Structures are given as structure tokens and as C-alpha cells.
Protein chains: 2
Amino acid sequence: MKLLLTGSTGFIGSHLIQKLTELGISTTALIRPNTVTTRLDQLGVPYIVDTGDVAALHRDIKTYSFTGVVHLASLFLGTHSPEQAEQLIHSNVSFPTRLLEALKGTTVRWFLNTGTFWQHYNNEEYRAVNLYAASKQAFQDVLNYYADTLKIRVITLKLNDTYGPNDTRKKIIPLLLSQSGVSLLLSPGEQCLDFTYIDDIVNAYCHAITVLDTAESGYYDDVYAISSGQSYTLKQVVSLMEECLEKPIPVEWGATPYREREVMYPWTGGRVLPGWTPTISLKEGIKRIITL
Amino acid sequence: MKLLLTGSTGFIGSHLIQKLTELGISTTALIRPNTVTTRLDQLGVPYIVDTGDVAALHRDIKTYSFTGVVHLASLFLGTHSPEQAEQLIHSNVSFPTRLLEALKGTTVRWFLNTGTFWQHYNNEEYRAVNLYAASKQAFQDVLNYYADTLKIRVITLKLNDTYGPNDTRKKIIPLLLSQSGVSLLLSPGEQCLDFTYIDDIVNAYCHAITVLDTAESGYYDDVYAISSGQSYTLKQVVSLMEECLEKPIPVEWGATPYREREVMYPWTGGRVLPGWTPTISLKEGIKRIITL
């Protein structure tokens, strides 16, 4: 097994590459010219720099004889400015299309893709919460075409909220954990959230990699939902964190309105990835972050 | 009614803009910096030049107070080279995404989009014949998000083969009509084709424009199939043309193989646009081209 990984410096990617390195799985990172490679160098992970030239990328991929691609890179924007609309398409559709194009005539037999629960606003089969989610859906349609014509196996893991140590994203859990003194101004807090701990996410990717890499020949395009399956209202999440921290977190509930298209209940229509089960409860996960 | 039209210099666009001008419908073309404007100037059609700057495009669209957008522009490639993959995404997804983004906070209430029968290889709900078709499907996902959040009405007209006078595209009918002397090297010729004459296509767009512009407030995202509904094998098409031309067309059948993913039977799963009926048979259409 020889993997090419995109998004290796992101939250999930950095945890996944550490795990893959521990497991001794040969992994190469696909990075941008401006990516800081300190962490990859520490781990001894080789990398390919994507300059935007599809022919060069194709040659590099051929040289390494990869068996599969794990695609985690994405531009995430909860809301976007007018100028950012095209950037979302560029990062989340154009870039991975170029990558797929570069796989033609190589040894790559499978592609592990990442989607989002936000492709299912109001629990619909497809309704995007934001342009980010629409760009993920758009890419799945392109990916489906390549799966079909390159005869590669494809799995898309759709993720909901994720959390864990070393999370530099502007997400609610790191925000609450770093809170001190001043009251946090939050929405009314009745929205249901479903957080999956990073170790469970990494295990889901490792499991999907095994499924893809050991599968019989043939191709398919499958989609699975990855989540803890345990919903808590934002208010319950804060209570749980106060319990774990053994101190109150000052919050002013209802100080801000819900977001436009706030997801009140997570998508429930997804198929579970067979053979994968989340094992870390929200309480356990929060404790782990605090202890680290 | 005030329209903004993309793709005004293409085959369908140039016929549509002529018709809209005849009908006295206020239409402005959205063009690229390098578009030749001779024909637009002749017709007295004003135009906005899209420089790639979404803020400038937004200001221009606001100035004109358009009620709707007719989107015909697209990069069509039956097959693509590795370098062209991103171009397809750029022209068929990124550009119209920027256009939609520029519509925020304007008077535009509807968007008429163009898709292709090739989004339905083997008559499937979605299976792209080529990357061009995949890019059309991808854009529909993005368009659906904007319809939903901008609260605009959307119709996508999915087209099959089209033909008519002044067709500079490398399509089979103009190719056969311009043929003289040397034998044309063709596939075995058993694939079924469904050609719609340009006047019927133009009428379909005019009808959809009326539907969209006169609809009650509220938004939706509808898809209709536009085709003659009459299938002929390529062999039958050639016979029909020989009959109309009153001379044989030298063809070497089976000299080339079918294309990869050749569509042997056109998609039949589409809904017909209510109130629109094609009126020109293939024989009548070919005669019109010959007579002109």
C-alpha cells in the first residue's frame, strides 16, 4: 500500500498522517508551494509539491507508484464573501479535478474523498447549508465521472463536527476550552450537535483505506456518514464541559441570533461505514483534551 | 422584462439574441474581454464585459436592473486533454458561480440554465458521458444552492443535439452538408440521434423566459428536457440528407470505431417543458438549411 495524502497539515490530516506513520504505511503528502513542511519533515514524510501543472503532477504520481489517494484538503468557509465564491470552487472542485486527471494511466486504484453532513440541510438528499457544502457536492459529481471512467474505487466519508487536541480551527469546543473571564456571546443554544473525536475519525479513515486497498478489483462510488451518532444541544455541550473542567464557563445565551441556515438537527440519512464504530464519548473526548 | 444573456456569440446564443431583438425584449450580453462584438453592435445589443472581478460585475448588474439571466455560455469539449480538465471546471462551474454571486442584492429574480442530455449516460439519473457533462451537473449543484438562498426561480433546459443554419461547430450535420468528393470515415452508424432544429430551441428558451418572468413570486429549481423526441440512427440521418440534397453522400461506414462512451440511445427520462412543442422535423430542418 502506498498512499498519497492531501490536506496533511489540516486538523484531520495532521492526526491521520501521524497514525499512518506509526502504522508504517508508506504515505506521501501532496502540498502547495507555500505549505510549511516542518511537521512533515519531523515525521519523515516525503512530499510532492503541486505547482498547478497537471503534467508534472502526473509524472510525480507515476514515479511513486501509489495505490490510493486520501483527499482531505479543502477550503472551509462557513460563510463566504463575494470574492471567496470562486476560491471555494477553485480549492474544492478545480484542484481535486486536476488531481484526478493526473491519476489517468497511473497505478492508483482508489480514491478516499471527504464530504460533509452540510450537504444535507433539513435532512434532504441534497440541499447545501452553504457554498462550501455545495462545492463538496459538485466535486462528488466530478469524482463519480472519474471513478466510472478511470475504473477506480471511491469512498466519500461525510463528516459532521470533529474535535480533539491541537485544533486551531475556530470551532466551538476549542473556543469554550480557551475561554477565560469574559462571557461568550452565543446563540440560544438549542441546536443539536454531533461531535466525533479525532481518534475515531482517524480510525474511520484507516478502516476505509483498508477496505479500499484490499477490495477485489472493480470499481464503485460509495458514500458513508461518519459521526458519533450522539447528539447534544449546544447548551448540553457547555454543561458537559463545565462538568469536565470542574468550573463554570461564562456564557450569555441568546446574545447572538442563530446563523442563517443554522442546522438544528444533524443529518440522519447516511449509511454507517461497515466495520467502523465510534468509541469515544463526548465526555471522554473532552477529558482527553483537558488532560493532554 | 430585462435580460442578461451569456453565450450570446455561440450557436444557440446568436440565434436567440436575434429573436429577442425581433421581439423587442431588452437584452444585454455578458461577454469576455476578448469577445468579438461585431454582431452585437449590428443588432444594437448592449454588453457588459466580465473582467473576472465579482464586485464590478455586481455593480454593472445592479445598474441595469435586470429581471432575469439566460445562461448559455459554456466550454464544450467532447473529450478533453489533461490540461483542459481545469478549464472545463473554470468555464462551466467557476464563471457561472461568480455570476450567481454577483446577483446577490440585485433585482434579478430568475435564472435560465443550460444542461445536457449527456448528464444521463445509459439513461441513468446521473452518469456523465464526459467531463463536460460532469461539469454541467456540478454547476447544477451550485445553482441549486443559490436558488435556495437568493430565493430566485431556476429552470435548467437540458439539450440534446441541435442544428441549424450558420453552425460553425464541428457537428455531424454541418460536416455532412459541407462534404464533397472524398468519403467521410464514420463509425458503424447504428447510434440513435435526436436533433432539434434551432428555431425550436429558440422557442423553448423564449417559452421558459416567459414562464420564469411571469411566474408568481416564490422560487424553485426545475429541470426540463428539450429535444425533438424523434430518434434516427446516424445511417438514417445520412439517407435523409441524401434525399434532401438529391445526391449521394460518400460515407465509409465502420471506418472508425464508436467513441468511448458513445451514446447509442438518447436519454428518455426527462420531463417535457409544459407548453412547448417542437414543430420542425429533421427533414424539414435539413431542407431549410439547404435552401438558405
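For this structure, a couple of remarks:
- Segment B:208-292, accessible area per residue, ligands and nucleic acids excluded (1.4 Å, Å²): 59
- Closest-to-axis residue of chain A (Cβ criterion, axis taking A to B), whole Å: A:138, 2
- Placing R0 at 51 angstrom, the Cβ-Cβ distance between residue B:279 and residue A:222 gives a FRET efficiency of 0.65 after rounding to 0.05.
- Calculated FRET value between residue B:123 and residue A:291, using beta carbons and R₀ = 56 Å, to 0.05: 0.45
- Applying both filters, DSSP loop and at most 11 other Cβ atoms within 10 Å, to the trypsin sites (Lys or Arg not before Pro) of segment B:185-292 gives B:271.
- Hits among aspartates and glutamates - C-alpha to C-alpha of residue A:104 under 16 Å, sequence gap 8 or more where chains match: A:53, A:60, A:148, B:83, B:86, B:260
- Other-chain or far-sequence residues with amide H under 5 Å of residue A:272's (modelled H): A:225
- Checking every one of the trypsin sites (Lys or Arg not before Pro) in segment B:81-163 against DSSP loop status and a limit of 13 other Cβ atoms within 10 Å picks out B:151.
- Averaged per residue, segment A:9-134 has 40 square angstrom of accessible surface, using a 1.4 angstrom probe with ligands and nucleic acids left out.
- Segment B:11-81 and segment B:120-191 have their alpha-carbon centroids 20 Å apart.
- Normalised by the number of residues in chain B, the average gap of Cα pairs under 8 Å and 6 or more apart makes the relative contact order 18 percent.
- Taking the accessible area of segment A:165-238, probe 1.4 Å, and keeping the other protein chains in place, the carbon and sulfur fraction comes to 51%.
- Residues of segment B:73-109 with an amide N closer than 19 Å to a point placed 7 Å from the Cα of residue B:19 along the Cα-to-Cβ direction: B:73-74.
- Cleavage-rule hits (chymotrypsin sites (Phe, Trp or Tyr not before Pro)) in segment B:100-137: DSSP loop, at most 15 neighbouring Cβ within 10 angstrom: B:126
- Averaged over peptide A:138-150, the number of partner chain Cβ atoms lying within 10 Å of each residue's Cβ comes to 6.
- Considering only GluC sites (Glu not before Pro) in DSSP loops that have at most 10 other Cβ atoms within 10 Å, the longest stretch of chain B without any of them is B:1-124.
- For residue A:171, the aspartates and glutamates whose Cα comes closer than 14 Å to its Cα, not counting residues fewer than 8 places off in the same chain, are A:161, A:194.
- Buried surface for the B/A pair, taken as the accessible area of each chain alone minus that of the pair with a 1.4 Å probe, is close to 2700 Å² in total.
- C-alpha center-to-center spacing [segment B:240-286, segment A:216-231] in angstrom: 42
- The accessible-area ordering, largest first, of the residues B:60, A:50 stands as B:60, A:50, per a 1.4 angstrom probe.
- Computed per residue of the protein assembly as shown from DSSP H runs no shorter than four, each worth -39500 (n - 2.57), the mean residue ellipticity at 222 nm is -11500 deg cm²/dmol.
- Surface share of carbon and sulfur [accessible, 1.4 angstrom probe, percent] for segment B:38-138: 50
- Mean shadow area of segment A:144-292, taken as a quarter of the surface of its Cα convex hull (nm²): 10.6
- Ranked from largest to smallest solvent-accessible area, with a 1.4 Å probe on the protein heavy atoms, B:135, B:227 come out as B:227, B:135.
- For residue B:28, distant residues with modelled amide H under 5 Å away: B:3, B:4, B:5
- Our coupling estimate for segment A:239-252, obtained by passing each phi through the Karplus curve with A = 6.51, B = -1.76, C = 1.60 and θ = phi - 60°, is 4, 4, 5, 4, 4, 5, 7, 6, 7, x, 9, x, 10, 9 Hz, Gly and Pro reported as x.
- Calculated P(r) tail over 25 Å for segment B:75-187, as whole % of Cα pairs: 36
- Sorted largest first by accessible area at a 1.4 angstrom probe radius, with every protein chain in place, the residues B:241, A:1 fall in the order A:1, B:241.
- Estimated at the nearest 10 Å², the accessible area of residue B:206 is 20 Å² with a 1.4 Å probe.
- FRET efficiency for residue A:247 and residue A:49, using Cβ-Cβ distance with R0 set to 51 Å, rounded to 0.05: 0.65
The values are calculated or read from the model by the stated rules, or taken from the named source; none is laboratory data. Since the structure is predicted, the reported quantities are computational estimates derived from the model, not experimental observations. In this analysis, Cβ positions are derived from the backbone assuming ideal geometry, glycine residues included, and neighbour counts consider all displayed protein chains. Quick note on the areas: whole protein, heavy atoms, side chains included, nothing else; ligands and nucleic acids left out. Shrake-Rupley method; radii C 1.70, N 1.55, O 1.52, S 1.80 Å.
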